[in-house]
Amino acid sequence: MSYDGYSFLVDGDRTYLWSGEFHYFRLPSPDLWRDIFQKMKAAGFNSTSLYFDWGYHSPKPGVYDFTGVRDVDRLLDMAQEAGLYVIARPAPYINAEVDGGGLPGWLTTKPGNNRSDDPQFLKYADEWMTQIDRIIARHQLTNGTGSVIAYQVENEYYNGSAASRAYMQHLEDKARSDGITVPLTGNNNGTFNTGTGALDVDGPDSYPQGFNCSTPTKWNGVPDISYDHPAGKPLYSPEFQGGAFDPWGGPGYDKCAELINDQFADVFYKQNIAVGATAQSFYMTYGGTNWGWLGMPENYTSYDYGAAIRETRQLDPKYYEDKLIGYFTQAVAPLTKTLPVNAAQPDNSAVVDTVRMNPDTRTQFHVLRHADSASTSVDRTHVSVDFNAQPAADTSYTYDDTDPALQYAGSWSHVADQSYTGGDYKKTESFSNHAGDSVTIPFTGSAVRWIGSKTNNHGYADVYLDGVKEATVDDSGSQSQAVLFQKSGLSDGAHTLEIVVDGRHSSGSSDDYVSVDAVDVPTAGASAPTYPVVPQQPGTAITLDGRDSHIITANYRLGDSQLQYSTSEIMTNATIGNRDVAVVYGDPGSDGETVLRYASKPTV
């Protein structure tokens, strides 16, 4: 097992981890563990994330039970037999809405500060780790004896103090001394990506809809989890929302399944792909039941979670959306190594196109969704596909936002080298949320582009060319160096671009900010996009039907065939015998256009 800034590698092969959380202690019937694992595998999952509950295995100090419904050797064998990698999460603290967060009840009678470098706590934590680590170690892929590919240390531990770092370092050293050789991971929102106690990969948890299922049709906007993507490490979300727990007096788990439904999976899981995630684990994929005193007091017996596999082990509609995306992540190998590309935005400003490209194969992935990610409207649009596009890091523009050519009027803020400007051109940007504030840019040429960042607190701007209003642009969303406006075909001469803060924002945004990152004046020799308008067939378009997202794959080798692009989505593809086979899909009644290129005319 290894990793780099793009993805995890298994036996040297880049691997997209599509993982589902499962708690064996919430399904105390070992014969049914296999059923859950097989259902996960059938849905395109290639890995499962497993908490190990200290309190479930230890009724009193020094006593540990790994038999019967607690036989985790058997559990790990079954995961391997089902063809699933395992992300092992033995804590010692797991949260998981279990009583005491997995700390055994007898620990409350002992002196010492839990989850700290207090020697009294570490004595008992080490005892637990010795017991569980010897089982996990013999199931590691790195030993050739199992499918465990990662080991999580602690859980949601955000304290970066010196004492807390010493605690984390102790746990990491203990795991290594116990024979754990796979990468050490965490879900501490990047707290331990550097410094003492640094993990191999420390990723962000994300529950963008929270845990109130009372109004399941009300959505919060998509997050950008790439804030926690340090150089040299893959973007990994150890827990991304797969449902929600329901407390006593709550609306019930059917409402939670409605909140985190198949549309949520379609929009939010693809958004993670759009920002570069190559490892996503969904909490929960099967929730199960709080038996006896297992659950924390806030929650009742069911831990259904509104997950893709319900408490009854029946399949929620979300399961089938997970399957469509999961199969795609496993079939289309270039997805495991991508860089962001600054793409021209669709011809409908209600839609955003976030583009990534594999730098080796040049395969592109256009992730389309509504600019207001909570929108329920139906919008038709066209995109531009340019095989000559370069990664954002290799792109340059005519004017940075700090250039004197840009004439600001009003109360603009000009910032550099901030936490939120890391993706900006030269790490600078200018912004304002005051209606009427403007920036004017005189330029000479036949085309112009306004580059800016899109976030969930950005609003509308009016754009003028030579005094004539050309568009109202929605600057909200989630993208760095987005092409917010572009115009070509102008007379080759002097022109003026003006951007005016509108003072309004869409329902999916929280404020009216407008960002200026750069302005580009393409030279006359700049090549036109490979496909300026996609789809090309007159009268057709790409349709986003309410809460909807599409991934358009372009410049991709389908075996011996060259896929230029398809506005239908790829579910899977394979070479079977001497035939290249691809399964593509689209919404009922929508247009789909697939373009293949051959050296000579094929027989159809």
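The values are calculated or read from the model by the stated rules, or taken from the named source; none is laboratory data. Note that the coordinates shown come from a computational prediction; the quantities given were computed from them, not determined experimentally. With ideal geometry, Cβ positions are generated from the backbone for all residues, glycine too; neighbour counts draw on all protein chains shown. Quick note on the areas: whole protein, heavy atoms, side chains included, nothing else; ligands and nucleic acids left out. Shrake-Rupley method; radii C 1.70, N 1.55, O 1.52, S 1.80 Å.
Couple of notes before you dig in:
Rundown of residues vs (1) open to solvent by 40 Å² or more (accessible area, probe 1.4 Å); (2) assigned to a strand (DSSP E or B); (3) at pLDDT below 95, yes/no style:
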residue	(1), (2), (3)
Arg557	yes, yes, no
Gln564	no, yes, no
Asn573	no, yes, no
Asp580	yes, yes, yes
Val583	yes, yes, no
Gly589	yes, no, yes
Gly592	yes, no, no
Lys601	yes, no, yes
Val604	yes, no, yes
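- Of Asn159, Asn155, all but one fail to be surrounded by 22 or more Cβ atoms within 10 Å (Cβ to Cβ), within 29 Å of the chain's Cα centre (by Cα) and either part of a loop (DSSP other than H, G, I, E, B) or modelled with pLDDT under 95 (or both); the exception is Asn155.
- All told, Thr472 falls short of being of a type outside the set (Asp, Glu), over 23 Å from Gly422 (Cα atoms) and over 32 Å from the mean Cα position of the chain (by Cα).
- Qualifying positions in the stretch 400-436 - assigned to a strand (DSSP E or B) and either open to solvent by less than 50 Å² (accessible area, probe 1.4 Å) or among the small types (Gly, Ala, Ser) (or both): Asp400, Ala409, Ser413, Val415, Ala416, Thr428, Glu429, Ser430, Phe431, Ser432
- Applying the set (1) farther than 25 Å from Thr523 by Cα; (2) open to solvent by 50 Å² or more (accessible area, probe 1.4 Å); (3) within 31 Å of the chain's Cα centre (by Cα) to Ser480 leaves exactly one unmet item: (1).
- Odd one out for Arg547 among (1) of a type in the set (Lys, Arg); (2) crowded, with 21+ Cβ neighbours inside 10 Å; (3) assigned to a strand (DSSP E or B): (3)
- Output for the stretch 62-110, where each listed residue is touching a strand residue (DSSP E or B) at 6+ places or on another chain (Cβ under 6 Å) and surrounded by fewer than 18 Cβ atoms within 10 Å (Cβ to Cβ): Trp106
- Ser206 being modelled with pLDDT of 95 or more, out of contact with any Leu (no Cβ under 7 Å at 6 or more places or on another chain) and over 29 Å from Tyr305 (Cα atoms): no
- If you go through the stretch 271-303 and pick out every residue that is free of Cβ contacts under 8 Å to residues at least 60 places away in the same chain and open to solvent by 10 Å² or more (accessible area, probe 1.4 Å), you end up with 4.
- Selection count where residues are modelled with pLDDT under 95 and over 19 Å from Ser413 (Cα atoms), scope the stretch 449-471: 2
- Residue pairs meeting the criteria (Cβ under 8 Å; at least 6 apart or on separate chains; first more than 30 Å from Ser375 (Cα to Cα), in the stretch 545-560; second of a type in the set (Asp, Glu)): Leu558/Asp580; Gly559/Asp580; Asp560/Asp580
- Any hit, the stretch 394-408, residues being within 30 Å of Ala554 (Cα to Cα), free of Cβ contacts under 8 Å to residues at least 40 places away in the same chain and more than 24 Å from the chain's Cα centre (by Cα): yes
- Number of the exception - Val519 against (1) modelled with pLDDT of 95 or more; (2) out of contact with any strand residue (DSSP E or B) (no Cβ under 8 Å at 6 or more places or on another chain): (2)
- Being assigned to a strand (DSSP E or B), in contact with an Asp or Glu (Cβ under 6 Å, 6 or more places away or on another chain) and open to solvent by less than 20 Å² (accessible area, probe 1.4 Å) is a property that holds for Val514.
- Filter result for the condition that a residue is surrounded by fewer than 22 Cβ atoms within 10 Å (Cβ to Cβ), within 24 Å of Gly586 (Cα to Cα) and either in contact with a His (Cβ under 7 Å, 6 or more places away or on another chain) or of a type in the set (Gly, Ala, Ser) (or both), over Ala343, Ala333, Ala371: Ala333
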